[in-house]
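Report on the structure given below.
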Amino acid sequence: MHNHKVPLRKCIISNEQLPKKELIRVVKNKEGIVNVDITGKLNGRGAYLKRDLKVIEKAIKTKKLDRHLAIKIPEEIYEQLLGLFKDE
């Protein structure tokens, strides 16, 4: 049995090191287009957020995502992030 290394990433809000699967990636590509990256494979500068409604709400309130990606995050991106929790 091989013990595969689990890739860890840091949530920009909670500063927790977590497995990639427990995080949501928001990515800005070279054209300056921002997307919610569900697959974790899109090209560009990424920022990770914990899959937690409180963390998403804090990201919206503090605009930390804007600073991290050095771009104004469109309202639709925040709505898309909040939409991920509507099912729960």
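The values are calculated or read from the model by the stated rules, or taken from the named source; none is laboratory data. Note that the coordinates shown come from a computational prediction; the quantities given were computed from them, not determined experimentally. With ideal geometry, Cβ positions are generated from the backbone for all residues, glycine too; neighbour counts draw on all protein chains shown.
A few points about this structure:
- Positions within the range 61-70 being hydrophobic (A, V, I, L, M, F, W, C) and assigned to a helix (DSSP H, G or I), in sequence order: Leu65, Leu69
- Meets criteria (free of Cβ contacts under 8 Å to residues at least 60 places away in the same chain, in a loop (DSSP other than H, G, I, E, B), among the β-branched types (Val, Ile, Thr) and surrounded by 15 or more Cβ atoms within 10 Å (Cβ to Cβ)) for Ile73: yes
- Residue in the range 6-14 that is out of contact with any Leu (no Cβ under 6 Å at 6 or more places or on another chain), surrounded by fewer than 19 Cβ atoms within 10 Å (Cβ to Cβ), at pLDDT 95 or above and not small (Gly, Ala, Ser) present: yes
- Total residues in the range 76-88 satisfying the condition of being more than 21 Å from Pro19 (Cα to Cα) and either touching a residue at least 60 places away in the same chain (Cβ under 8 Å) or part of a loop (DSSP other than H, G, I, E, B) (or both): the figure is 2.
- So Arg67, is it on the phi < 0 side of the Ramachandran plot and surrounded by 15 or more Cβ atoms within 10 Å (Cβ to Cβ): no
- Exclusive hit being under 13 Å from the mean Cα position of the chain (by Cα), basic (Lys, Arg) and in a strand (DSSP E or B), set Lys41, Lys10, Lys21, Lys58: Lys10
- Residues considered: Gly40, Gly32. Of these, the only one that is free of Cβ contacts under 8 Å to residues at least 24 places away in the same chain, surrounded by 11 or more Cβ atoms within 10 Å (Cβ to Cβ) and of a type outside the set (Val, Ile, Thr) is Gly40.
- Only listed residue being out of contact with any Leu (no Cβ under 6 Å at 6 or more places or on another chain) and either crowded, with 18+ Cβ neighbours inside 10 Å or touching a residue at least 40 places away in the same chain (Cβ under 8 Å) (or both), chosen from Arg25, Arg51: Arg25
- Any hit, the range 74-81, residues being of a type in the set (A, V, I, L, M, F, W, C) and over 12 Å from the mean Cα position of the chain (by Cα): no
- Selected residue (criterion: nearest to Leu49 (Cα to Cα)) from residues of the range 24-33 that are part of a strand (DSSP E or B) and among the basic types (Lys, Arg): Arg25
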